[in-house]
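Engineer: Just passing along the structure, written as structure tokens.
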Amino acid sequence: MIQLRKQYLSLLVVMALAVPGHAIAQKDLHIDKVFEQYGKKRGVVMVQLTGEILRTYNFSFFKSIVIKNDPGAVAFTRDCVAKDREEAKKIKEVVQDGEVTSIVLQLSSHGNENRLILYNESAEERKEMTLIYIESSMDVEDIMSTILTKKE
């Protein structure tokens, strides 16, 4: 019985060490609450890339969410982004008609991984909000170029 317990504990330790760092890294961000709270709601589109597609873009982690016509969700997301903004190394903003409509936050690296939060909100009456979180070993300019380039 003691031998079985030791094997079980050893297996748990190995499994814990095998969990990728990026699976834990996002959890320390306030935006993680947006994905948890709204990711499975009706009318919301959430995408998390895995496997070959993730490797195609040279990302180690990619998660996005698009929320339409939900002012409460937009306000909640803005608050979460504002909290994560406090820890950002670099911040880029787009201001339209006096309102911030897009934000790019470069967070501190996690190992050799660069971490980015991208937030975009439509200025139209029917609000649409997009939130993207990316981890990649590429430099920030290459990450931005990759996501802004349309694939054919």
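Engineer: Peptides 45-57, 101-113: what's the order by average Cβ count within 10 Å, highest mean first?
Structural biologist: Descending mean neighbour count gives 101-113, 45-57.
Engineer: Next question. Nearest 0.05, what FRET efficiency do S102 and D139 give at R0 = 25 Å with Cβ-Cβ as r?
Structural biologist: Numbers: r = 20 Å, r/R0 = 0.81.
With a Förster radius of 25 Å, E is 0.80.
Engineer: Averaged across orientations, what area in nm² does the convex hull of the alpha carbons in region 23-135 project? Mind showing how you got there, number by number?
Structural biologist: On the way: hull surface 29.3 nm².
Mean orientational projected area (region 23-135, Cα hull): 7.3 nm².
Bear in mind these aren't lab numbers, they're just calculated from the coordinates by the rules spelled out. Nothing here was measured: the structure is a model prediction, and the numbers come from that model. No Cβ is skipped: glycine too gets one built from the backbone with ideal geometry, and neighbour counts run over all protein chains shown.
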